[in-house]
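Read through the structure below, which is laid out as structure tokens, and then see the notes.
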Amino acid sequence: MDAKSASIADTLIAPLLLDWYDRHRRDLPWRARPGETPDPYRVWLSEVMLQQTTVATVRPRFAAWIARWPDFESLAAAPDDEVMAAWAGLGYYARARNLLRAAKAVVADHGGTFPRTEAELRTLPGLGAYTAAAVAAIAFGERAVVVDANVERVGARLFAIATPLPAGRAAIRVAADAVTPERRAGDFAQALMDLGSAICTPKKPRCLLCPLQAHCAGFATGAPEAFPVKAAKKARPKRYGTIFWLERERARGPEVLLVRRPDKGLLGGMRALPTGPWVDEAPLLEGAPALASWRLLAGTVEHGFTHFTLELALAVATGPAQGEPPGEWWPVDALATAGLPTLFARAAAAIAEGR
DNA sequence: GAAGCGTGGAC
DNA sequence: TGTCCAAGCTT
């Protein structure tokens, strides 16, 4: 296909997709309805929450967050530990740290008003190529080329791009740029995402319902699900660790020792149960937070991270311990309010069960 | 470009 | 049951 005929075909894509979007768009809490003006704060918050996270997970968390911190000013003034606890369970906790940093920057450096251009947005922490383009297009109507996993999949199929990801992203971006319209770029981006979610799915795409089927090179091959081609994944190694549950009795009831994890690295900045080192072979009681009579529970807790699986032994002790260990004592019956990442919430439940 | 960084749902 | 995958960003 030469450049000229390609561009003519490309101009058909946006009208077809926007027409489909006007009839099938999802009604989502962070999405402005036709005629409404988008709220940049809500657009930004939703885009960050949705990074690598499903719509079903984000829905209730978005509502709770908006009820608590409805705008940049309120979020910028929020205490660090409250923000981190509010993000607990959502994963990728650098997002919460960057969310707070960006809100402070908007208030301090931009007079409380979100920057309007993709280039300016890109300078804020946590706004990468995708999110800056998405906010510019959806909240401010700028013509920005929005490329996420949906767009990669739709684009790779539409143009039958066979170069494996991640190298294939360059060609996909060129193709996405070619089909992005001057007007309604935000709707176009959201249309691609809705199409990727409902029609052009990773497995068993519903091509018979697709408004772009007649123009889809991937469909023409007879095996559209073969796109995008991806590089082989590496095996996920297994690691082992121990969680330490140190308890003491107080008049109001039992309390457990919690620590705050370092700001950088896995589960950074989050409240947590103390752990020993995470190593390649099963450890026992190395790295305990205090000298005490540790008792190892039967059974372990297994938790999958992106790049390794963790198997955790559970060690329990009841005070008094020698000396005052670093951390904070938390009422056991109020542990749900501590904002523990899922790994530790599950471990706590297993410990409550097993002792 | 590769690695590090969470979690839950679908199949 | 294990594997794949999701509206990615930072270093």
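The values are calculated or read from the model by the stated rules, or taken from the named source; none is laboratory data. What you see is a predicted model, and the numbers here were worked out from it, not measured in a lab. Counting neighbours? That spans all protein chains shown, and the Cβs are built from the backbone with ideal geometry, glycine included. Note: areas computed on protein heavy atoms with side chains; ligands, DNA, RNA excluded. Shrake-Rupley method; radii C 1.70, N 1.55, O 1.52, S 1.80 Å.
Of note:
- Summed over qualifying helices (DSSP H, 4 residues or more, each -39500 (n - 2.57)) and divided by its residue number, chain A shows a 222 nm mean residue ellipticity of -12500 deg cm²/dmol.
- For the range A:142-150, putting each phi into the Karplus relation 6.51 cos²θ - 1.76 cosθ + 1.60 with θ = phi - 60° gives couplings of 6, 6, 10, 8, 9, 10, 10, 5, 5 Hz, in residue order, rounded to whole numbers and with x for Gly and Pro.
- Relative contact order for the range A:205-352: 27 percent, from Cα pairs under 8 Å spaced at least 6 residues apart, divided by residue count.
- Label sites at A:Val229 and A:Arg260, each approximated as a point 7 angstrom past Cα along Cα to Cβ, lie 5.0 nm apart.
- List A:Ser74, A:Ser7, A:Ser46, A:Ser293, ordered by accessible area with a 1.4 Å probe, largest first: A:Ser293, A:Ser7, A:Ser74, A:Ser46
- When you restrict to C-alpha pairs under 8 Å that are six or more residues apart and normalise by the size of chain A, the relative contact order lands at 15 percent.
- Length gained on full extension, A:Cys207 to A:His307, computed as 0.36 nm times the residue gap minus the Cα-Cα distance: 32.7 nm.
- Rounded to the nearest 0.05, the FRET efficiency derived from the C-beta distance between A:Trp294 and A:Asp81 at R0 = 30 Å is 0.60.
- Against the main long axis of the alpha-carbon atoms of chain A, helix A:3-24 sits at an angle near 60°.
- Comparing the range A:238-354 with the 2.2 N^0.38 Å rule of thumb, its C-alpha radius of gyration ratio is 1.00 (two decimals).
- Over 16 Å [Cα-Cα, the range A:307-355], rounded percent: 53
- Here the extension length gained between A:Ala349 and A:Lys104 equals 84.6 nm, from 0.36 nm per residue of separation less the Cα-Cα distance.
- Spin-label pair A:Ala129/A:Arg25, simplified geometry with 7 Å Cα→Cβ offset, distance in nm: 2.7
- Inter-label distance for A:Thr221 and A:Asp177, nm, one decimal - labels placed 7 Å from Cα along Cα-to-Cβ: 2.3
- Rolling a 1.4 angstrom probe over the protein heavy atoms with all chains in place gives chain A an accessible area of 51 Å² per residue.
- The range A:1-121, Cα convex hull volume normalised per residue, Å³: 159
- Within a Gaussian network of chain A (alpha carbon springs, distance under 10 Å), most fluctuating of A:Arg122, A:Arg33, A:Arg61: A:Arg33
- Note on chain A: with a GNM built from Cα contacts shorter than 10 Å, the maximum mean-square fluctuation among A:Ala105, A:Ala292, A:Ala134 falls on A:Ala292.
- Accessible area of chain A belonging to carbon and sulfur atoms, whole % at 1.4 Å probe: 55
- Looking at chain A, the pairs of alpha carbons with a distance over 34 Å make up 41% of the total.
- For chain A, the longest principal axis of the C-alpha atoms and the axis of helix A:40-49 are separated by about 60°.
- If the segment from A:Arg68 to A:Tyr92 were pulled out straight at 0.36 nm per residue, it would be longer than the present Cα-Cα gap by 6.6 nm.
- Note on surface exposure: A:Lys104, A:Lys234 rank A:Lys234, A:Lys104 by accessible area, highest first, 1.4 Å probe.
- The range A:259-266 - phi-based ³J(HN,Hα) in whole Hz, Karplus 6.51/-1.76/1.60, Gly and Pro as x: 10, 10, 6, x, 4, 9, x, 4
- Taking the longest Cα principal axis of chain A as reference, the axis of helix A:185-198 is set at about 70 degrees.
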